[in-house]
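Asker: Got a structure for you, questions after.
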Amino acid sequence: MTLENIVTQLTKDAVKALYNIDCTDAQVQLQKTRAEFEGNITLVVFPFVKMARKAPQMVAAEVGEWMATNAAHLVAKYNAVQGFLNLSIADSFWIEQLQAIDAEAEYGKQPDRNQLMMVEYSSPNTNKPLHLGHVRNNLLGYSVAKIQEANGWNVVKTNIVNDRGIHICKSMLAWLKFGNGETPETSGKKGDHLIGDYYVRFDVEYKKQVKELMEAGKDEETAKREAPLMQEAQAMLRKWEANDPEVRALWEKMNEWVYAGFDETYQRMGVSFDKIYYESTTYLEGKSEVEKGLAAGEFYRREDGSVWANLEKDGLDEKLLLRSDGTSVYMTQDIGTAKLRYQDYPINKMVYVVGNEQEYHFKVLSILLDRLGFPFGKELVHFSYGMVELPNGKMKSREGTVVDADDLMDKMVSDAKEISKDKVNTLQGITEEEANEIARKVGLGALKYFILKVDPRKNMLFNPAESIDFNGNTGPFIQYTYARIKSVLRKAESLESLKTLETLKTIEEKELALIQRLCDYPATVRAAGDEFSPAILCNYAYALACDFNSFYHDLSILNEPDAHKRALRLLLAKNVAKVLNAAMALLGIEMPERM
RNA sequence: GGUCCGGUAGCUCAGCUGGAUAGAGCAACAGCCUUCUAAGCUGUGGGUCUCGGGUUCGAAUCCCGACCGGAUCACCA
């Protein structure tokens, strides 16, 4: 039973007894007492003022007095300021709370729902390496999956790889023409970077051709269409669709290079998938699903042979599902993917982690899946996150204004390594290998926290010229707090018996604040799940770390002469470490034992 | 033009189911290591919460209207 629940009930009893008011839980407004007033939890009495027909100050005072009298074991003191009743909760209550938290190994984990949630994230194209935009996607997707797991869902993490289409053919063609048989082995390049380089190369050569054609008198549109490279790429796509063995073999070889590169990046980023789907296999399913919808009268065919859905009664437009030549579009593929997924898993809730630029697409997909009879269609969640912007605007692959994921991680880890060199006294005696492992955790922790702490729905700015901080409201700050606690716990010979706590009746203000913060953790996990917001957990972890650092600064743990107090502080430190670790795990951030 | 999202300190962001004097970090300045890890702690300065109306005991928060920025409305994905 949480303090909020207890005080809510107490309030209802009080206003019933004093004013004969029957109030609902929603009318009981509780908040943390502001620092400038004495107390731990504050009841806002304004909602009762009218019915009680008394001044706010009076109501607050009367309710406070009633509580202090009828629940003296809980409400130690109170003060009424205008319409705010500030309650000081008994120290014994907080000590009990701490012991209860300590007893729970998975504190914060919500009960199982026995419901399956599938979370799709990442969704890379196979023609270029991952960049900062993907990093935000991956970190959000992974974290949301962890958060929903903590909220009792069975979660299946999935990835849909866009491995077909004209863009892949561009890389393949450029490699054939200009590659001289270069491979990841011969060049030493990661496979995804190698392919990405040829994608860029295609664009360079293509632009040359367009320019030449335009100089020869063609208008831009014609030039773009008639450039030989584009013609060849399109021919290659047709061959691919026709299962031409040579094209398919090349495609498979190059895909393998890319996947090996992606795997390396994913692993480094610390994200993973339970099941991977490929558009090259799902797009055909989509076609047949559309044909079924056509037969059922949900869709219609135009004279030119193209197939459409009419969404006017949903307030939207008409939407193309199959081109006049019978080939599929993006939407068709997503329908096919949904079908396969539904065959593979008993999905109760489907979550798509995809940028906010695709809101319209998912609105339409939801309607179409629903019409096609997928139970998860109507309720699908498009977890729509904002773009990562650079100081001069959006990232564009072809213009070379992308921040590469691998480079960024390298930079973060090497920065962390550099900073740790000043820490010779705390990190002395560790091996080079351990030092590198710490730098890896800290560098990635800084990056992940930097990205996850901002509200996912909002666009965020990344300035490559300014390095990501390791001080202040950052991942390393929280990791550092954890490492500090671990250091203390290592020095404490053993956690002293909890029994000594039973004789402890009073606690310090900073201890109380910490326990109160720990008590907030389960509600924070729920909120992060309800809102699909890792940022909420970041804010919580930061606040907890701040509270601990303040406590640590003011009060000694190991040097405290009173054994009872020492035991309490050790227990407190241990549980702060536990909760920090748990919260950061839900963000996909690893904690170093020392740093 | 329609729809959606955003506008809070010099910068990056919290706060938004209405509550007390709007918070952090960075940057700037001033302090704190013979005491459990200074990636820490303490302090100073910095605000017309874009603007204008409305709702009410009370508005950064809710409603309406402007202005500014972004996204989207493809036989691209």
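The values are calculated or read from the model by the stated rules, or taken from the named source; none is laboratory data. What you see is a predicted model; the values in this text were computed from it and never measured. All Cβ positions, even for glycine, are placed from backbone atoms using ideal geometry, and neighbour counts span all protein chains on display. All accessible areas refer to the heavy atoms of the entire protein, side chains included, with ligands and DNA or RNA removed. Shrake-Rupley method; radii C 1.70, N 1.55, O 1.52, S 1.80 Å.
Asker: So, of the residues in the stretch A:1-25 that are closer than 19 Å to residue A:73 by Cβ and in a loop (DSSP other than H, G, I, E, B), which turns out to be least open to solvent (accessible area, probe 1.4 Å)?
Answerer: Among those that are closer than 19 Å to residue A:73 by Cβ and in a loop (DSSP other than H, G, I, E, B), it is A:2.
Asker: Looking for whichever is surrounded by 15 or more Cβ atoms within 10 Å (Cβ to Cβ), farther than 30 Å from residue A:287 by Cβ and not basic (Lys, Arg) here; the options are A:220, A:215, A:205. Which one fits? Walk me through how you get there before you give the answer.
Answerer: On the way: A:220 fails: surrounded by 15 or more Cβ atoms within 10 Å (Cβ to Cβ); A:215 fails: surrounded by 15 or more Cβ atoms within 10 Å (Cβ to Cβ).
That would be A:205, the only listed residue that is surrounded by 15 or more Cβ atoms within 10 Å (Cβ to Cβ), farther than 30 Å from residue A:287 by Cβ and not basic (Lys, Arg).
Asker: Let me ask something additional. Name the residues in the stretch A:316-338 that are in contact (Cβ under 8 Å) with a residue 40 or more places away in the chain, hydroxyl-bearing (Ser, Thr, Tyr) and assigned to a helix (DSSP H, G or I), would you?
Answerer: Residues satisfying the conditions are A:332, A:337.
Asker: Now a separate question. Go over the candidates A:177, A:239, A:190 one by one and state the one that is open to solvent by 20 Å² or more (accessible area, probe 1.4 Å) and either hydroxyl-bearing (Ser, Thr, Tyr) or out of contact with any Lys or Arg (no Cβ under 9 Å at 6 or more places or on another chain) (or both).
Answerer: A:190
Asker: If we keep just the residues of the stretch A:26-54 that are more than 11 Å from RNA strand B (Cβ to nearest atom) and of a type outside the set (Lys, Arg), which is surrounded by the fewest Cβ atoms within 10 Å (Cβ to Cβ)?
Answerer: Ranking the qualifying residues of the stretch A:26-54, first place goes to A:51.
Asker: Follow-up. Taking only the stretch A:414-436 into account, find how many residues are more than 8 Å from RNA strand B (Cβ to nearest atom) and in contact with a Ser or Thr (Cβ under 8 Å, 6 or more places away or on another chain).
Answerer: Count: 2.
Asker: Check whether at least one residue in the stretch A:180-188 is hydroxyl-bearing (Ser, Thr, Tyr), touching a helix residue (DSSP H, G or I) at 6+ places or on another chain (Cβ under 7 Å) and more than 16 Å from RNA strand B (Cβ to nearest atom), and report yes or no.
Answerer: The initial filter retains those residues of the stretch A:180-188 that are hydroxyl-bearing (Ser, Thr, Tyr), namely A:183, A:186-187.
Going one step further and asking which of them are touching a helix residue (DSSP H, G or I) at 6+ places or on another chain (Cβ under 7 Å), we end up with A:187.
Narrowing further to those that are more than 16 Å from RNA strand B (Cβ to nearest atom): A:187.
Taking every residue of the stretch A:180-188 in turn, at least one turns out to be hydroxyl-bearing (Ser, Thr, Tyr), touching a helix residue (DSSP H, G or I) at 6+ places or on another chain (Cβ under 7 Å) and more than 16 Å from RNA strand B (Cβ to nearest atom).
Asker: Filter the stretch A:297-355 down to the residues that are open to solvent by 50 Å² or more (accessible area, probe 1.4 Å) and of a type in the set (Gly, Ala, Ser), then identify the one that is nearest to RNA strand B (Cβ to nearest atom).
Answerer: The residue in question is A:324.
Asker: What number of residues within the stretch A:540-574 are in contact (Cβ under 8 Å) with a residue 60 or more places away in the chain and small (Gly, Ala, Ser)?
Answerer: Within the stretch A:540-574, residues that are in contact (Cβ under 8 Å) with a residue 60 or more places away in the chain and small (Gly, Ala, Ser) number 5.
Asker: A further question on this structure: Near RNA strand B (Cβ under 8 Å from one of its atoms) and either touching a strand residue (DSSP E or B) at 6+ places or on another chain (Cβ under 9 Å) or modelled with pLDDT of 95 or more (or both): does that describe residue A:491? It would help to see each step written out before you state the result.
Answerer: On the way: near RNA strand B (Cβ under 8 Å from one of its atoms): yes; either touching a strand residue (DSSP E or B) at 6+ places or on another chain (Cβ under 9 Å) or modelled with pLDDT of 95 or more (or both): no.
In short, no.
Asker: Let me ask something else. If we keep just the residues of the stretch A:370-386 that are closer than 19 Å to residue A:121 by Cα and of a type outside the set (Ser, Thr, Tyr), which is farthest from RNA strand B (Cβ to nearest atom)?
Answerer: A:376
Asker: Right, something else. Residue A:365 fails exactly one of the following numbered conditions: (1) within 11 Å of RNA strand B (Cβ to nearest atom); (2) open to solvent by less than 30 Å² (accessible area, probe 1.4 Å); (3) within 26 Å of residue A:271 (Cα to Cα); (4) not charged (D, E, K, R). What is the number of that condition?
Answerer: That leaves (3) as the condition not met.
Asker: Can you pull out the residues in the stretch A:281-308 that are under 11 Å from residue A:336 (Cβ atoms) and touching a Phe, Trp or Tyr at 6+ places or on another chain (Cβ under 7 Å)?
Answerer: A:290
Asker: Look at the stretch A:435-493 and say how many of its residues are more than 23 Å from the chain's Cα centre (by Cα) and among the basic types (Lys, Arg).
Answerer: Looking only at that region, the number is 4.
Asker: Follow-up question, since we're still on this one. Of the residues A:292, A:275, A:287, which is basic (Lys, Arg), within 20 Å of the chain's Cα centre (by Cα) and more than 27 Å from residue A:197 (Cβ to Cβ)?
Answerer: Result: A:275 is the single residue among A:292, A:275, A:287 that is basic (Lys, Arg), within 20 Å of the chain's Cα centre (by Cα) and more than 27 Å from residue A:197 (Cβ to Cβ).
Asker: So how many residues does the stretch A:369-392 have that are surrounded by fewer than 19 Cβ atoms within 10 Å (Cβ to Cβ) and within 30 Å of residue A:463 (Cα to Cα)?
Answerer: Residues in the stretch A:369-392 being surrounded by fewer than 19 Cβ atoms within 10 Å (Cβ to Cβ) and within 30 Å of residue A:463 (Cα to Cα): 7 in total.
Asker: Right, here's the next one. Taking the conditions exactly as written (at pLDDT below 95, more than 8 Å from RNA strand B (Cβ to nearest atom) and surrounded by 19 or more Cβ atoms within 10 Å (Cβ to Cβ)), does residue A:515 satisfy them or not? Break it down stepwise before answering.
Answerer: Values: at pLDDT below 95: no; more than 8 Å from RNA strand B (Cβ to nearest atom): yes; surrounded by 19 or more Cβ atoms within 10 Å (Cβ to Cβ): yes.
Judged against the criteria, residue A:515 is not a match.
Asker: I've got another one for you. Which of the residues belonging to the stretch A:207-231 are touching a Leu at 6+ places or on another chain (Cβ under 8 Å) and either in contact (Cβ under 8 Å) with a residue 60 or more places away in the chain or farther than 12 Å from residue A:171 by Cα (or both)?
Answerer: If the condition is that a residue be touching a Leu at 6+ places or on another chain (Cβ under 8 Å) and either in contact (Cβ under 8 Å) with a residue 60 or more places away in the chain or farther than 12 Å from residue A:171 by Cα (or both), then A:209, A:222, A:223, A:226, A:227 are the ones that fit.
Yes or no, residue by residue, for (1) closer than 19 Å to residue A:193 by Cβ; (2) among the small types (Gly, Ala, Ser); (3) more than 21 Å from the chain's Cα centre (by Cα):
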{"site": "A:126", "(1), (2), (3)": "yes, no, yes"}
{"site": "A:136", "(1), (2), (3)": "no, no, no"}
{"site": "A:161", "(1), (2), (3)": "yes, no, no"}
{"site": "A:167", "(1), (2), (3)": "yes, no, yes"}
{"site": "A:174", "(1), (2), (3)": "yes, yes, yes"}
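Asker: Out of all the residues in the stretch A:564-595, which are open to solvent by 10 Å² or more (accessible area, probe 1.4 Å) and more than 30 Å from residue A:138 (Cα to Cα)?
Answerer: A:564, A:565, A:566, A:574
Asker: (1) near RNA strand B (Cβ under 9 Å from one of its atoms); (2) under 23 Å from the mean Cα position of the chain (by Cα); (3) of a type in the set (Gly, Ala, Ser): which one isn't true of residue A:405, the others all being true?
Answerer: (1)
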